[in-house]
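The values are calculated or read from the model by the stated rules, or taken from the named source; none is laboratory data. This structure is a prediction, so every number in the text was calculated from the model and none was measured. When we count neighbours, we look across all protein chains shown, and the Cβ atoms used for this are built from the backbone with ideal geometry, even at glycine. Ligands, DNA and RNA are excluded from the accessible area calculation, which covers all protein heavy atoms including side chains. Shrake-Rupley method; radii C 1.70, N 1.55, O 1.52, S 1.80 Å.
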Amino acid sequence: MGKKSRVKTQKSGSGSSAVVSPKEMMNLISELLQKCSSATPSAGKEWEEYIQIRGLVEKIRKKQKGLSVVFEGSRQDYFSDLMSWAQEYGASCECFTVANFGAEGYGLRATKDIKAEELFLWIPRKMLMTVESAQNSLLGPLYNQDRIMQAMGNVTLALHLLCERTNPESPWLPYIRSLPQEYDTPLYYQQDEVQLLLGTQAVQDVLSQYKNTARQYAYFYKLVQTHPAANKLALKDCFTFDDYRWAVSSVMTRQNQIPTEDGSRVTLALIPLWDMCNHTNGLITTGYNLEDDRCECVALQDYKENEQIYIFYGTRSNAELVIHNGFFFQDNAHDRVKIKLGVSKSERLYAMKAEVLARAGIPSSCVFALHCNEPPISAQLLAFLRVFCMTEEELKDYLLGEHAINKIFTLGNSEFPVSWDNEIKLWTFLETRATLLLQTYKTTSEEDRSMLEKPDLSVHSRVAIQLRLAEKQILEKTSASGQAKRLHFQKKLEEGAPIPRYEESDIALLENSDADAKLPIILRKLEEVEEGQEIEVGEDSHLLNRAKPYT
C-alpha cells in the first residue's frame, strides 16, 4: 500500500557529513545529557543556557545529516492510502475527504451536508496508537524495564511512532506516512525566531520544552544503543535528533486521552483521521464510546458540502496553542495571560488573610489568569484581590462577624463588594500591576503591529510577534478595565452610595446564575489547575479534546 520507506545512511555530494564514529557520537550525547540535566539556571540565565544546549544539538544534527528515515514524495501522496486503510479497519469515511485549506493546512472537507450534532466520524480502537499498543510491540521489552517510559506516556508514544515508522510491516504505516514531515512547534524555530519571544510569558515554556526534548533524546539515544532490551529495535541504526523532534511534535500536536478497554482508567492515544480536523471556537464534540469501543465525533455545527469540518481543541490560550500545537488562533475566545499573586508571609495580617482565603478554597499564593474578554478577571481572582486588599477590621468581619460563613460565598460575586474602599484598592492594584507588566516588554504594541505588516516575515516570526502582541493587548485591556472600575467605585464612595448587603434569599441568585462571577467561590474548580484533558464519564462515553501538553 503506497510507496515504500527508505533509510538514508549517508549523503553523497556537497554538504555531506563525514562518517562519525559511535564513540564520538556517544561523547556528544553524554555532553548534551549532562548539560540538560544540570540545575535550573538562575533568573536571567535561561537564554544563555538555551544557546548552549542548542549549540550542542546543532553539532549532533550536523553529524547525523542524512541518517533519518524519510518517505518518498509528500504526505498528500498518501492520503488516499489513509482513507482506504481507515475504511478497511471500520472507520467512517463517507462524509468527508482530506483537503488543503491554504494557511490552515490540511483538514477535513465535507462531501455532503452535515447537520450539527450529527455523528459523522468514528475510529475503532484497533486503528489507534496507544501506550498499550506500544507495550505489545517490539518496544514492549524496553518499556517494561524503563521507568521514564512507564511514567511518561507521551514519550512512549513518540518512541512507538518512531519504531513503527522504521517497520515496513507496521499496520500503522498508512497513518504515519500521512503525518506532516515537519511541524511549526517552537522546537522547529530558528534561534532568531525564538528570540522574538524574549520578554513574553511564553518564552520560559518554550525554552523548557527545548531543554526537556534534548534531555529526553540524549537519554533514550544512550538507552537504545546500550540496553539489551533494545537490541531488536531498528532505532539503533537511525535515531537522530530530528527524528525525535518529529515524533515529539507529532505526539504533542495530536495526543489525546481515551479510556482503556475496561474503562477503569485513561491512556494516551493517537487517533488517525480525526486528528486531521482543525480548531475553532466551540464545545467539545468528541467522545469515546466504550460499548462500541471507538472514538466518535459529532458535528460542531451545520456544514454544507465542501465546507471545512472543525473541532474544538479545548479552552487553550494562544500561548498553549503556539507551544503545543504550533499555531496562533486569531479569534481565541479563551486567550489569557498568567499572573502570579501571593500574600507575603512577612505581612502583619498574613494569618488572617490566609485563613479567609482558605475558607474560600483559595491558596494564599497562586497563579491566576487575566482574560481577553470582559471582565478580565475571574471570580477566583476577584475573591483573592478582595481579601488581599482587606483591612484588619474587614478581615475580622469575614472571620468572626455576623453571617461570616455566608459572606465567604460573596467574595467572588461582583454584586457584593466588601466596601467601596476595598474595590478602589483592588482595581487600583490590578491597573498598576498590568501597567508594570506592560513595561517589561522591549517593544510596544504599535511596534509589533508595524512588524506584522512586513511581507517578508517568516511564518514562525509572525506567530511569535502575534503572540507577543496578544499578551500586551490583554494587559492593556486589564489596565483600562482597572482604571474604569476604580473611577466607578470612587464615584460611589463620593456619592455615599450604600453597600449592597448579602441576604440569605440571595443564595438562589448565586446558585442559578450562569455568570461565573455569581457562583459561590467554593463550588468551582480553581483556574490555576493545569489546563488539559477534560474527561466526562457517562454510562458509555467519555468526552475528550486534544490532551494535556507534552512535557
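The trypsin sites (Lys or Arg not before Pro) of the range 163-247 meeting both criteria, a DSSP state outside H, G, I, E and B (loop) and at most 15 other C-beta atoms within 10 angstrom of the site's C-beta, are Lys232. Taking each residue as 0.36 nm, the span from Glu48 to Glu453 lengthens on full extension beyond its C-alpha to C-alpha distance by 142.8 nm. Most tightly packed first, judged by the mean number of other beta-carbon atoms within 10 Å of their residues, the peptides 426-437, 482-493 read 426-437, 482-493. Think of each Lys and Arg Cβ as +1 and each Asp and Glu Cβ as -1; about the Cα centre, that makes the dipole of the range 75-314 roughly 840 debye. Remark: the range 20-36, residue by residue, has Karplus-estimated 3J(HN,Hα) of 9, 6, x, 5, 4, 5, 5, 5, 5, 5, 5, 5, 5, 4, 5, 5, 7 Hz, where x stands for each Gly or Pro and the curve is 6.51 cos²θ - 1.76 cosθ + 1.60 at θ = phi - 60°.
Direction-averaged projected area, Cα convex hull, the range 336-501: 11.2 nm², rounded to one decimal.
Annotation: for a label point projected 7 angstrom from Cα along Cα→Cβ of Val70, residues of the range 174-195 with backbone N closer than 14 Å are 181-182. Shown here: Cα extents along the principal axes in Å, derived from the displayed model; of the candidates (1) 80, 46, 36; (2) 83, 52, 50; (3) 97, 55, 47, it corresponds to (2). Taking all protein chains together, Thr391, Thr240 sort by accessible area into Thr391, Thr240, largest first [probe 1.4 Å]. Between Leu436 and Ile499, the simple label model (points 7 Å from Cα in the Cβ direction) yields a spacing of 2.6 nm. Which of rounded, prolate or oblate describes the range 168-249 when judged by the alpha-carbon gyration tensor and an a/c cut-off of 1.5? Since a/c reaches 1.5 but b/c is at least a/b, the shape of the range 168-249 is classed as oblate.
Taking the range 215-247 and a reference point 7 angstrom along Cα→Cβ of Gln135, the backbone N atoms nearer than 19 Å belong to 229-230.
Counting protein heavy atoms only, the range 336-501 has 55 percent of its accessible area on carbon and sulfur, 1.4 angstrom probe. Solvent-accessible surface of the range 336-501, averaged per residue with a 1.4 angstrom probe and all protein chains in place: 48 square angstrom.
Report the extension gain between Ser21 and Asn212 in nm, rounded to one decimal, defined as 0.36 nm multiplied by the number of residues separating them, less their alpha carbon distance. Don't skip to the answer; put the middle values down first.
Numbers: separation 191, 0.36 × 191 = 68.76 nm, distance 2.58 nm.
Result: 66.2 nm gained on full extension.
Assuming R0 = 51 Å, can you tell me the calculated FRET efficiency for the pair Lys338 and Glu31, based on Cβ-Cβ distance, to the nearest 0.05? Result of the calculation: an efficiency of 0.90.
With a 1.4 Å probe and every protein chain left in place, work out the accessible area per residue of the range 157-254 in Å², rounded to a whole number.
32
Given the pairs Lys345/Lys407; Lys407/Lys472; Lys396/Lys485; Lys425/Lys472; Lys211/Lys236; Lys59/Lys338, which are separated by over 29 angstrom at their Cα positions? Violating the 29 Å Cα-Cα cut-off are Lys407/Lys472; Lys59/Lys338. Put simply, when 83-93, 131-141 are sorted by average Cβ atoms within 10 angstrom per residue, most first, you get 131-141, 83-93.
Taking amide H as placed 1.01 Å from N in the peptide plane, Tyr106 has its amide H under 5 Å from the amide H of Phe101, each at least 5 places away in sequence or on another chain.
For the range 87-122, the residues whose backbone nitrogen is under 12 Å from a point 7 Å from the Cα of Asn306, taken along Cα to Cβ, are 110-112.
For the range 169-178, the Karplus equation 6.51 cos²θ - 1.76 cosθ + 1.60, evaluated at θ = phi - 60°, returns couplings of 9, 4, x, 9, 4, x, 6, 4, 5, 7 Hz by residue, with Gly and Pro reported as x.
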